[in-house]
Amino acid sequence: MIKGLPARLSLCAAMALASACTVHPTEAPALAGPSEFALSFSVAATPDSITQDGVSQSSIVVTARDASGAPVAGLQLGLAIVVSNTQAAFGTLSARTVFTGADGRATSTYTSPTASPYLAGGPPTIVSVVATPVGNDYRKAISQRADIKVTPPPLLTPVPGGPTATVTFSPSSPKVGQLVTFDATSSQPAPGHRLTTYFWDFGDGLPQSEEGNDASHVYEVPGTYTMVLGVVDDVGRIGSIFKTIVVSP
(Lines give C-alpha, C1' and ligand atoms only; values in the text may rest on other atoms or scores of the structure.)
Protein backbone atom coordinates (compact mmCIF):
# COMPACT_ATOMS: atom_id res chain seq x y z
CA MET A 1 0.00 0.00 0.00
CA ILE A 2 1.28 3.46 -0.86
CA LYS A 3 1.43 5.56 2.28
CA GLY A 4 -1.15 8.33 2.51
CA LEU A 5 -3.53 6.92 -0.15
CA PRO A 6 -6.88 5.20 0.43
CA ALA A 7 -6.82 1.45 -0.07
CA ARG A 8 -8.70 1.60 -3.38
CA LEU A 9 -6.41 4.23 -4.89
CA SER A 10 -3.29 2.50 -3.50
CA LEU A 11 -4.34 -0.73 -5.16
CA CYS A 12 -4.97 1.14 -8.38
CA ALA A 13 -1.56 2.79 -8.21
CA ALA A 14 0.08 -0.56 -7.62
CA MET A 15 -1.73 -2.13 -10.55
CA ALA A 16 -0.80 0.75 -12.83
CA LEU A 17 2.64 -0.79 -13.22
CA ALA A 18 1.09 -3.75 -14.96
CA SER A 19 -2.05 -2.34 -16.55
CA ALA A 20 -4.21 0.78 -16.71
CA CYS A 21 -6.67 1.43 -13.88
CA THR A 22 -9.55 3.92 -13.99
CA VAL A 23 -11.57 5.03 -10.93
CA HIS A 24 -15.21 5.78 -11.83
CA PRO A 25 -17.12 8.22 -9.57
CA THR A 26 -20.30 6.90 -8.02
CA GLU A 27 -23.32 8.27 -9.91
CA ALA A 28 -26.44 9.48 -8.09
CA PRO A 29 -29.54 7.38 -8.82
CA ALA A 30 -32.14 8.82 -11.18
CA LEU A 31 -34.84 10.89 -9.56
CA ALA A 32 -38.09 9.06 -8.91
CA GLY A 33 -40.99 9.23 -6.53
CA PRO A 34 -43.23 12.15 -5.63
CA SER A 35 -41.73 14.69 -8.04
CA GLU A 36 -42.35 12.41 -10.98
CA PHE A 37 -45.73 11.11 -9.86
CA ALA A 38 -47.02 14.58 -9.01
CA LEU A 39 -46.78 15.66 -12.64
CA SER A 40 -49.29 13.02 -13.63
CA PHE A 41 -51.70 13.45 -10.72
CA SER A 42 -54.33 16.17 -10.98
CA VAL A 43 -57.70 17.24 -9.55
CA ALA A 44 -60.33 19.28 -11.40
CA ALA A 45 -63.63 20.81 -10.27
CA THR A 46 -66.43 21.59 -12.76
CA PRO A 47 -67.88 24.14 -12.43
CA ASP A 48 -65.36 25.93 -10.23
CA SER A 49 -67.80 28.65 -9.12
CA ILE A 50 -71.14 27.81 -7.45
CA THR A 51 -73.73 29.35 -5.13
CA GLN A 52 -73.80 28.67 -1.41
CA ASP A 53 -77.42 27.53 -1.43
CA GLY A 54 -77.27 23.95 -0.19
CA VAL A 55 -77.98 22.41 -3.62
CA SER A 56 -75.37 23.73 -6.07
CA GLN A 57 -72.77 21.11 -6.98
CA SER A 58 -69.35 20.72 -8.55
CA SER A 59 -68.04 17.51 -10.11
CA ILE A 60 -64.62 16.48 -8.77
CA VAL A 61 -62.44 14.43 -11.13
CA VAL A 62 -59.07 13.00 -10.12
CA THR A 63 -56.80 11.83 -12.94
CA ALA A 64 -53.73 9.68 -12.32
CA ARG A 65 -51.12 8.70 -14.91
CA ASP A 66 -47.74 7.05 -14.54
CA ALA A 67 -44.39 8.33 -15.78
CA SER A 68 -45.10 7.05 -19.28
CA GLY A 69 -48.51 8.74 -19.42
CA ALA A 70 -50.50 5.54 -19.03
CA PRO A 71 -53.60 5.58 -16.75
CA VAL A 72 -53.07 4.34 -13.19
CA ALA A 73 -55.97 2.01 -12.29
CA GLY A 74 -57.03 0.96 -8.80
CA LEU A 75 -55.39 3.89 -7.02
CA GLN A 76 -57.13 4.64 -3.70
CA LEU A 77 -57.51 8.31 -2.78
CA GLY A 78 -58.82 10.14 0.25
CA LEU A 79 -60.69 13.41 -0.34
CA ALA A 80 -61.00 16.29 2.14
CA ILE A 81 -62.69 19.70 2.19
CA VAL A 82 -60.27 22.47 3.15
CA VAL A 83 -61.00 26.15 3.85
CA SER A 84 -58.15 28.55 4.66
CA ASN A 85 -55.69 25.64 4.86
CA THR A 86 -57.80 23.89 7.51
CA GLN A 87 -60.10 20.90 7.09
CA ALA A 88 -63.65 22.14 7.56
CA ALA A 89 -67.24 20.91 7.45
CA PHE A 90 -68.11 23.37 4.67
CA GLY A 91 -70.37 21.45 2.31
CA THR A 92 -70.31 17.73 1.59
CA LEU A 93 -68.67 15.18 -0.71
CA SER A 94 -70.63 12.26 -2.15
CA ALA A 95 -67.59 10.07 -1.45
CA ARG A 96 -64.48 10.77 0.59
CA THR A 97 -62.67 7.60 -0.50
CA VAL A 98 -62.48 6.91 -4.23
CA PHE A 99 -60.62 4.55 -6.59
CA THR A 100 -59.38 5.23 -10.09
CA GLY A 101 -60.84 3.11 -12.87
CA ALA A 102 -59.21 1.65 -15.95
CA ASP A 103 -59.06 5.17 -17.42
CA GLY A 104 -57.10 6.44 -14.41
CA ARG A 105 -60.02 8.62 -13.25
CA ALA A 106 -61.97 8.79 -9.98
CA THR A 107 -64.96 11.03 -9.26
CA SER A 108 -66.91 12.56 -6.41
CA THR A 109 -69.46 15.37 -6.12
CA TYR A 110 -69.10 18.44 -3.90
CA THR A 111 -72.36 20.06 -2.68
CA SER A 112 -72.30 23.56 -1.22
CA PRO A 113 -73.65 24.25 2.27
CA THR A 114 -76.71 26.38 2.89
CA ALA A 115 -75.75 29.96 3.62
CA SER A 116 -77.05 31.60 6.75
CA PRO A 117 -79.25 34.60 5.91
CA TYR A 118 -76.62 36.74 7.64
CA LEU A 119 -74.17 35.82 4.86
CA ALA A 120 -76.37 37.11 2.01
CA GLY A 121 -74.44 39.53 -0.16
CA GLY A 122 -71.16 38.59 1.51
CA PRO A 123 -67.87 37.60 -0.11
CA PRO A 124 -67.27 34.11 -1.52
CA THR A 125 -65.43 31.33 0.26
CA ILE A 126 -62.66 29.50 -1.58
CA VAL A 127 -63.11 25.80 -0.91
CA SER A 128 -60.34 23.35 -1.81
CA VAL A 129 -61.09 19.68 -2.42
CA VAL A 130 -57.80 17.95 -1.61
CA ALA A 131 -57.01 14.46 -2.92
CA THR A 132 -54.30 12.32 -1.31
CA PRO A 133 -53.28 8.87 -2.58
CA VAL A 134 -53.53 6.20 0.10
CA GLY A 135 -50.76 3.66 0.62
CA ASN A 136 -47.23 3.10 1.88
CA ASP A 137 -45.54 3.70 -1.47
CA TYR A 138 -43.34 6.78 -0.97
CA ARG A 139 -44.11 8.18 -4.40
CA LYS A 140 -47.81 8.30 -3.59
CA ALA A 141 -47.45 10.40 -0.42
CA ILE A 142 -48.52 13.65 -2.08
CA SER A 143 -51.67 15.76 -2.36
CA GLN A 144 -53.28 17.82 -5.10
CA ARG A 145 -56.29 20.11 -4.94
CA ALA A 146 -58.99 21.84 -6.92
CA ASP A 147 -60.44 25.18 -5.79
CA ILE A 148 -64.13 26.10 -5.91
CA LYS A 149 -65.49 29.60 -5.34
CA VAL A 150 -68.64 29.29 -3.22
CA THR A 151 -70.65 32.52 -3.17
CA PRO A 152 -73.57 33.31 -0.82
CA PRO A 153 -76.87 34.37 -2.43
CA PRO A 154 -77.28 38.09 -3.20
CA LEU A 155 -78.41 40.48 -0.51
CA LEU A 156 -82.17 40.71 -0.15
CA THR A 157 -83.92 44.06 -0.15
CA PRO A 158 -83.46 45.46 3.37
CA VAL A 159 -86.59 45.43 5.53
CA PRO A 160 -87.45 48.95 6.73
CA GLY A 161 -86.73 49.34 10.42
CA GLY A 162 -84.28 46.46 10.60
CA PRO A 163 -81.43 46.41 13.13
CA THR A 164 -77.90 47.68 12.49
CA ALA A 165 -74.95 45.39 13.20
CA THR A 166 -71.70 46.99 14.37
CA VAL A 167 -68.53 45.25 15.54
CA THR A 168 -64.96 46.10 16.48
CA PHE A 169 -62.09 43.71 17.21
CA SER A 170 -58.72 43.78 18.91
CA PRO A 171 -55.88 43.44 18.14
CA SER A 172 -56.37 44.89 14.68
CA SER A 173 -53.52 42.79 13.22
CA PRO A 174 -53.59 39.49 15.12
CA LYS A 175 -51.08 36.68 14.90
CA VAL A 176 -51.66 32.94 14.82
CA GLY A 177 -52.56 31.66 18.28
CA GLN A 178 -53.40 35.13 19.61
CA LEU A 179 -56.78 35.71 21.26
CA VAL A 180 -58.91 38.13 19.23
CA THR A 181 -61.77 39.82 21.08
CA PHE A 182 -64.90 41.15 19.37
CA ASP A 183 -67.32 43.79 20.65
CA ALA A 184 -70.81 44.15 19.16
CA THR A 185 -72.35 46.21 21.94
CA SER A 186 -72.84 49.17 19.58
CA SER A 187 -75.28 47.20 17.42
CA GLN A 188 -78.72 48.80 17.56
CA PRO A 189 -82.32 47.79 16.86
CA ALA A 190 -84.90 50.23 15.53
CA PRO A 191 -86.57 52.41 18.17
CA GLY A 192 -89.05 50.46 20.22
CA HIS A 193 -87.40 47.11 19.58
CA ARG A 194 -84.61 45.02 21.07
CA LEU A 195 -81.95 42.66 19.81
CA THR A 196 -82.56 39.01 20.67
CA THR A 197 -79.87 37.08 18.77
CA TYR A 198 -76.22 37.55 17.83
CA PHE A 199 -74.71 35.32 15.14
CA TRP A 200 -70.91 34.96 14.88
CA ASP A 201 -68.89 33.43 12.06
CA PHE A 202 -65.11 33.97 12.22
CA GLY A 203 -64.45 32.87 8.66
CA ASP A 204 -62.05 29.98 9.28
CA GLY A 205 -64.58 27.16 9.34
CA LEU A 206 -63.86 26.19 12.93
CA PRO A 207 -66.84 25.45 15.18
CA GLN A 208 -67.82 28.09 17.71
CA SER A 209 -70.64 28.66 20.19
CA GLU A 210 -70.61 32.43 20.78
CA GLU A 211 -74.10 33.89 21.25
CA GLY A 212 -73.86 37.22 23.10
CA ASN A 213 -72.85 40.74 22.11
CA ASP A 214 -69.16 40.00 22.63
CA ALA A 215 -66.98 37.12 21.54
CA SER A 216 -63.41 35.87 21.27
CA HIS A 217 -61.60 33.61 18.84
CA VAL A 218 -58.14 32.20 18.11
CA TYR A 219 -57.02 31.75 14.50
CA GLU A 220 -54.84 28.70 14.02
CA VAL A 221 -53.57 29.33 10.49
CA PRO A 222 -52.28 32.56 8.91
CA GLY A 223 -54.42 34.07 6.17
CA THR A 224 -57.11 36.59 5.32
CA TYR A 225 -60.50 35.85 6.87
CA THR A 226 -63.95 37.39 6.53
CA MET A 227 -65.81 37.38 9.84
CA VAL A 228 -69.55 37.97 9.99
CA LEU A 229 -71.74 39.41 12.72
CA GLY A 230 -75.49 39.01 12.35
CA VAL A 231 -78.14 40.41 14.67
CA VAL A 232 -81.87 39.70 14.95
CA ASP A 233 -84.49 41.88 16.62
CA ASP A 234 -87.62 40.88 18.51
CA VAL A 235 -89.76 40.73 15.35
CA GLY A 236 -87.31 38.63 13.34
CA ARG A 237 -85.65 41.32 11.25
CA ILE A 238 -81.93 40.85 10.68
CA GLY A 239 -78.87 42.95 10.04
CA SER A 240 -75.29 41.88 9.33
CA ILE A 241 -71.80 43.24 8.83
CA PHE A 242 -68.57 41.79 7.40
CA LYS A 243 -65.02 42.45 8.59
CA THR A 244 -61.74 41.42 6.95
CA ILE A 245 -59.15 40.07 9.39
CA VAL A 246 -55.57 39.46 8.30
CA VAL A 247 -53.78 36.96 10.53
CA SER A 248 -49.99 36.82 10.32
CA PRO A 249 -47.70 33.91 11.34
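Some notes on this structure:
- For the range 42-101, the normalised intensity computed at q = 0.22, 0.31 Å⁻¹ comes to -1.02, -1.41 (log10 of I(q)/I(0), Debye sum over alpha carbons, equal scatterers, no solvent).
- Projected-area mean, the range 59-147, by convex hull of Cα positions, square nanometres: 6.6 nm²
- Accessible area of residue 237 in the full protein assembly, 1.4 Å probe (Å², nearest 10): 50 Å²
- Value of Rg/Rh across the range 114-183 [Cα atoms, Kirkwood radius]: 1.18
- Cβ crowding within 10 Å averaged over residues, with 204-213, 121-130, 83-92 ranked highest first: 121-130, 83-92, 204-213
- Averaging the Cα positions of each part gives two centres, and for the range 148-192 and the range 200-237 these lie 8 Å apart.
- Ratio of Rg to Rh for the range 140-249: 1.06 [Cα atoms; Kirkwood radius as inverse mean 1/r over pairs].
The values are calculated or read from the model by the stated rules, or taken from the named source; none is laboratory data. All values reported here derive from a predicted model rather than from experimental measurement. With ideal geometry, Cβ positions are generated from the backbone for all residues, glycine too; neighbour counts draw on all protein chains shown. Heavy atoms of the whole protein, side chains included, go into the accessibility calculation; ligands, DNA and RNA do not. Shrake-Rupley method; radii C 1.70, N 1.55, O 1.52, S 1.80 Å.
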